[in-house]
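The values are calculated or read from the model by the stated rules, or taken from the named source; none is laboratory data. Computed from a prediction, not measured in an experiment: that's the story for all the values here. Note that we place each Cβ from the backbone using ideal geometry, even for glycine, and neighbour counts take in every protein chain shown.
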Amino acid sequence: MWSRKRFDIDYSDLIYGLGAALTVGNSQGQGLQKELEDWWISDLTGEAVACLSVRSGWDLLLQGLQLPPGSEVAMSALTIPDMVSIVRHHGLVPVPIDLDPRTMAPDPASLDRAIGPRTRVIIIAHLFGGRVDLEPILAARDRVGAILVEDCAQAFTPGFRGHPDADVSCFSFGSIKFATALGGALLRVRDPQLADCLRQIQSTYPVQDSGNYTLRLLKYLGLKTLSSRAGFTALIWGCRQLGIDYDRLLNQSVKGFPKDELIWRLRHQPCAPLLALLRRRLQGYSEKRLAEQTHRGQRLIQLLGEYCPQIRVPGVAAMPNLHWVVPILAEDPEIAIATLANAGFDSTQGNSMTVVESPETDPEWEPRNTREMFEHLLYLPCYPAMDDTTLVSMAQGLRPISSPSVSLFLRMGSP
Ligand SMILES: *Cc1c(COP(=O)(O)O)cnc(C)c1O
């Protein structure tokens, strides 16, 4: 069985992290943090801030901005649930911006509707490894005088630091992301004063427990072994014997913080071993590694076109697209999952993301296209270890699967 995902980290990195956990003390944290931030920003305008996670950085930013309660935060309608919970925690109102399934970029009509005089912050996510053209969004920001945050958690590529005109660009190195250090994030903040303010707030936080981080490194050492083909096959066999739902087990094991503790967990500084591993990952990351993933994604999409042209691929028209994940739309995702499992491929629904609810007072903001797409979303396994023959057999396995009607794709752009 081919597992849904392989973590983008080598055994040598995990061993390095464990070594750092034994030898790098928190007294070295500040130096490491500064070094990493200086390296990240190099000669760009603004400053970098290293955080525990993108969610920590997002919470930090909303603290720093001190917006009046009830201010609106316009968000890409598809994101991870915690990003929305954080907005609500600050007494702000999340307003969804519907997306064009072909590019995963904001639909122009919905962008127009979502952004108004009460909008204080706009946050746009580059989804699935594709990149959104920010020009129309920068224009909307300037029209209302809001702050534009670019969520690049799914769009890391060496040398890319975000759009130079975005106010804040966030990159995540959480466990399922490219170049992961099993945590950590880097923010580029254009306004140095705002960056200073964030750093000041962050300096009051306790430091992440490095013992917990060590346990995390050990856990992923195990999970990495289990995501190999033989390991994963054994895991599924074991779960079946024990009557455990392995889909739920896996979603739990890569999931972030428990809901009730979310804000408390976010408000920590990254520990020194995390910063040390993050520095190693980023400074040693090769274009080649990413190019292999992108190439596999392109090849899979090409094969889907050949063997099952009825299947729709959201974000297929995004440019550039690194294919961090390869999602498809299936009329009935559960049937598709079962069909793929029979063919030896573990696929999963988009449970780690959520559709942003429209405010109760403004039901007409409901992001219809994103919601319809989300109901049919399915991620295919796709990574460099899967050779051509394997991708062909997965595409063949998908032949009987139908995609939802094309109306979802045609409706876009109409008011
Ligand atoms: C992973 C992800 C995040 C959160 O990143 P963390 O560093 O884990 O907080 C935020 N937004 C999107 C779109 C993501 O994919």
Filter region 201-218 for residues that are in contact (Cβ under 8 Å) with a residue 12 or more places away in the chain and either outside any helix (DSSP H, G or I) or over 15 Å from G25 (Cα atoms) (or both) and give the result. I201, Q202, S203, Y205, P206, V207, Q208, D209, R216, L217, L218
Quick test of your reading of the structure: K219 fulfils all but one of (1) crowded, with 17+ Cβ neighbours inside 10 Å; (2) within 22 Å of the chain's Cα centre (by Cα); (3) within 16 Å of the ligand (Cβ to nearest atom). Name the failing condition by number. (1)
Could you please give the count of residues in region 320-352 that are at pLDDT 90 or above, part of a loop (DSSP other than H, G, I, E, B), surrounded by 17 or more Cβ atoms within 10 Å (Cβ to Cβ) and of a type outside the set (S, T, Y)? 6
Got a number for residues in region 29-42 being buried (at least 16 other Cβ atoms within 10 Å of the Cβ) and within 16 Å of Q208 (Cα to Cα)? 3
What tally of residues in region 153-187 results from selecting those that are more than 15 Å from the ligand (Cβ to nearest atom), touching an Asp or Glu at 6+ places or on another chain (Cβ under 8 Å) and modelled with pLDDT of 95 or more? 2
Please determine, by comparing only the residues of region 102-121 that are under 23 Å from F374 (Cα atoms) and polar (S, T, N, Q), which one is surrounded by the fewest Cβ atoms within 10 Å (Cβ to Cβ). T103
Please verify whether T119 is among the hydroxyl-bearing types (S, T, Y) and either under 30 Å from G19 (Cβ atoms) or free of Cβ contacts under 8 Å to residues at least 40 places away in the same chain (or both), treating the condition exactly as stated. no
Answer with yes or no whether T339 is without any contact (Cβ under 8 Å) to a residue 60 or more places away in the chain and more than 16 Å from the ligand (Cβ to nearest atom). no
Taking the conditions exactly as written (acidic (D, E), modelled with pLDDT of 95 or more and crowded, with 24+ Cβ neighbours inside 10 Å), does E150 satisfy them or not? yes
Leading residue by the ranking (farthest from D8 (Cα to Cα)) among those in region 123-182 that are acidic (D, E) and out of contact with any His (no Cβ under 8 Å at 6 or more places or on another chain): D142
When you check I176 against the structure, is it among the β-branched types (V, I, T) and within 29 Å of S227 (Cα to Cα), yes or no? yes
From the list R55, R6, which one is basic (K, R) and crowded, with 22+ Cβ neighbours inside 10 Å? R55
If S227 satisfies all but one of (1) over 28 Å from P81 (Cβ atoms); (2) surrounded by 15 or more Cβ atoms within 10 Å (Cβ to Cβ); (3) of a type in the set (S, T, Y), what's the number of the condition it fails? (1)
Mind checking which residues of region 122-146 are surrounded by fewer than 20 Cβ atoms within 10 Å (Cβ to Cβ) and among the β-branched types (V, I, T)? V144
Filtering region 2-49 down to residues that are farther than 24 Å from F156 by Cα and among the β-branched types (V, I, T) yields T23, V24
Looking only at helices (runs of 4 or more DSSP H) that fall completely inside region 1-119, which ones have 2 or more residues that are within 30 Å of A230 (Cα to Cα) and away from the ligand (no atom under 16 Å from the Cβ)? 11-23
Of the candidates S3, S42, the one satisfying the condition of being modelled with pLDDT under 95 and in contact with a helix residue (DSSP H, G or I) (Cβ under 8 Å, 6 or more places away or on another chain) is S3
Surrounded by fewer than 23 Cβ atoms within 10 Å (Cβ to Cβ) and of a type in the set (A, V, I, L, M): which single residue out of V84, V73, V49 fits that description? V84
Residues being touching a helix residue (DSSP H, G or I) at 6+ places or on another chain (Cβ under 9 Å) and over 21 Å from L277 (Cβ atoms) - total across region 155-190: 6
For region 353-364, which residues satisfy the criterion of being part of a loop (DSSP other than H, G, I, E, B) and either of a type in the set (D, E) or assigned by TED's automatic domain parsing to the domain that holds L99 (or both)? E357, E360, D362
Of the candidates V355, V313, the one satisfying the condition of being without any contact (Cβ under 8 Å) to a residue 24 or more places away in the chain and either closer than 26 Å to C152 by Cβ or in contact with a helix residue (DSSP H, G or I) (Cβ under 7 Å, 6 or more places away or on another chain) (or both) is V313
